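Encoded as structure tokens, the structure appears first; notes follow it.
The values are calculated or read from the model by the stated rules, or taken from the named source; none is laboratory data. Computed from a predicted structure; not experimentally measured. Here the Cβ positions follow ideal geometry from the backbone for every residue, glycine too, while neighbour counts run over all protein chains shown. For the accessible areas, the whole protein counts, side chains as well, though only heavy atoms, and no ligand, DNA or RNA atoms are used. Shrake-Rupley method; radii C 1.70, N 1.55, O 1.52, S 1.80 Å.
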Amino acid sequence: MKENGKTNGSLDEQEKIFSAVELIMKKRDGHALTREEIRFFVFEFHQNKIPDYQMTALLMAIYLKGMAREEIFNLTMAFMDTGKVSDLSFLGMHTADKHSTGGVGDKISIPLAPLVASCGVAVPMISGRGLGHTGGTLDKLESIPNLRTSLSTQEVYDQLSKIHVVITGANADIAPVDKRVYSLRDVTGTTSSLPLIASSIMSKKLSEGTDSLLLDVKAGKGAFLHDMEATKKLAETLVSAGKAAGRNAIAIITNMDQPLGRTVGNWLEMRESIDILNGKGPKDVRELVIVQCALMLLLAGRVKTYQEGRAMAELKIENREGFEKFKQMIAAQGGSLTYIDAPDSYPEPKHALPVLSDRDGWIQSIDAFEVGLINNKLGGGRETLDSKIDFKAGLIFHLKVGDQVKTGDALVTLFTDGTDPDYLTERTQNVFTIVSEPVEPPPLIDSIIFDGSSIPWEEYVKTSP
């Protein structure tokens, strides 16, 4: 176990030379803040020497005036340095992580982390919970009885040493000031600020100490950002911050206009993840898992080409080494393997309601944002941080965009242990747009982002050896 970097928001004496009010006014007037000014403000706030209302004022100034990339990087590093930064060299192996900006039905991290670890790359993955219309990796994992997702730093190191993979929530050692800052952003209308999004994500990811980082930035109705231009700008900013911190970092832009896979809901998505690692499951989820595994192996230096990475990922699924690593991770974090080995034995929900099509045609679109809200109504998501989750609640989609449908066909089935979901039938039907002409499914991946360049995904695949 090794750690480095300043901790607890410490400042050198020569850095304590600024006025909080003057820095707020400087950013309010559209000027760039220096590294020293940013560190002063963040560390003094972390030590409660700058009050919430002054931090809120700075956040609003950043929201209105933006930040240059150098400022974003300095803000990211200041956030990171309020906690501990891991040094994973004690593992003696390649390390990598992945971050998704979140979406509906996005369970990719769950099969991906153990699959990458089975290929010889250690994966210390810090994940989050669902809030709003998006699901959370930790909530999905906790549908497994007794599984722990709040591990101490030492427990993370111990597990990495033994099985080379862990998925856990951020503990108090990881960029602690970010949690306070986010709580202020959440109640002051500044959550959508690109510099603040980027610094929040990257401060935690860089704290993990991995050599490389893959960023899955979602675009579409079910994503945090709907607009493609804004999505690409965020991806470029995240990659730039990773590169500036000395990490191998790239991003892919992936489609979130319709739910990913066939399931939305905690246990349902765990079940789909189990299927993927057993060589089954929907094509879109399988493809994204294999693509992201290949890219992580390439970034970490485990393979020399993307195609070599794909071949290794496919082999580890075929020979079930990825699944065995998944089981090791579940067991190491205290989870029961009963439902991993026999998923059909998981308790059935009280209600299962098929929602039928009222017309013939082809499915043109599925409103992923609305699907996420319906999942919340079923009990499968959080409308507040204190909401209790029904792990069995969710939706199974029988048809996706591009599929032909006839009147009376089941579009989707709703599951819940709560109130009979019949009241959601019309609302659920309305998430489907059905047209009279055939429809082509949308591409799964739009592009790949390197530092300073963007390449269409199809072009990247064609030109990769």
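The table for this structure:
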item: Residue check, I167 at pLDDT 95 or above, surrounded by 19 or more Cβ atoms within 10 Å (Cβ to Cβ) and within 26 Å of L260 (Cβ to Cβ); result: yes
item: Close pairs (7 angstrom Cβ cut-off, 6 or more residues apart or separate chains): closer than 18 Å to R39 by Cα in the range 185-205, open to solvent by less than 10 Å² (accessible area, probe 1.4 Å) and not in a helix (DSSP H, G or I) anywhere; result: L196/T190; S203/A175; K204/A175
item: Residue in the range 398-412 that is open to solvent by 50 Å² or more (accessible area, probe 1.4 Å) and of a type in the set (S, T, N, Q) present; result: yes
item: Number of positions in the range 1-52 that are in a helix (DSSP H, G or I) and modelled with pLDDT of 95 or more; result: 22
item: Complete set of residues in the range 114-137 that are at pLDDT below 95 and either surrounded by fewer than 20 Cβ atoms within 10 Å (Cβ to Cβ) or among the hydroxyl-bearing types (S, T, Y) (or both); result: S127, G128, R129, L131, G132, T134, T137
item: Test: residue in the range 433-448 that is closer than 22 Å to A230 by Cα, β-branched (V, I, T) and in contact (Cβ under 8 Å) with a residue 60 or more places away in the chain; result: yes
item: Selection count, the range 388-406, where residues are farther than 15 Å from G261 by Cα, assigned to a loop (DSSP other than H, G, I, E, B) and in contact with a strand residue (DSSP E or B) (Cβ under 8 Å, 6 or more places away or on another chain); result: 3
item: Yes/no for F432 being under 22 Å from N255 (Cα atoms) and among the aromatic types (F, W, Y); result: yes
item: Of the criteria (1) open to solvent by 10 Å² or more (accessible area, probe 1.4 Å); (2) in contact with a helix residue (DSSP H, G or I) (Cβ under 6 Å, 6 or more places away or on another chain); (3) modelled with pLDDT of 95 or more, which one P111 fails; result: (1)
item: Of the criteria (1) more than 16 Å from N266 (Cα to Cα); (2) over 25 Å from the mean Cα position of the chain (by Cα); (3) of a type in the set (D, E, K, R), which one E370 fails; result: (2)
item: In the range 414-464, the residues that are surrounded by fewer than 17 Cβ atoms within 10 Å (Cβ to Cβ) and in contact with a helix residue (DSSP H, G or I) (Cβ under 6 Å, 6 or more places away or on another chain); result: L444, D451, S464
item: Within the range 140-164, tally of residues that are acidic (D, E) and surrounded by fewer than 18 Cβ atoms within 10 Å (Cβ to Cβ); result: 2
item: E440 vs. criteria assigned to a helix (DSSP H, G or I) and farther than 25 Å from I374 by Cα; result: no
item: Odd one out for D178 among (1) among the acidic types (D, E); (2) open to solvent by 40 Å² or more (accessible area, probe 1.4 Å); (3) within 24 Å of Q54 (Cβ to Cβ); result: (2)
item: The one condition in (1) open to solvent by less than 50 Å² (accessible area, probe 1.4 Å); (2) touching a Phe, Trp or Tyr at 6+ places or on another chain (Cβ under 7 Å); (3) more than 28 Å from R148 (Cα to Cα) that G394 fails to fulfil; result: (3)
item: Filtered residues of the range 206-231 (kept if part of a loop (DSSP other than H, G, I, E, B) and either touching a Pro at 6+ places or on another chain (Cβ under 6 Å) or in contact (Cβ under 8 Å) with a residue 24 or more places away in the chain (or both)); result: E208, G209, T210, D211, G220, K221, G222, A223, F224, L225
item: Residue pairs meeting the criteria (Cβ under 6 Å; at least 6 apart or on separate chains; first within 18 Å of S447 (Cβ to Cβ) and open to solvent by 10 Å² or more (accessible area, probe 1.4 Å), in the range 241-263; second of a type in the set (D, E, K, R) and at pLDDT below 95); result: K243/D451; D257/K221
item: Matching helices (runs of 4 or more DSSP H) fully within the range 278-387 where at least 1 residues are in contact (Cβ under 8 Å) with a residue 12 or more places away in the chain and of a type in the set (S, T, Y); result: 306-318, 338-341
item: Extreme residue, surrounded by the most Cβ atoms within 10 Å (Cβ to Cβ), among residues of the range 53-106 that are in a loop (DSSP other than H, G, I, E, B) and under 20 Å from the mean Cα position of the chain (by Cα); result: V104
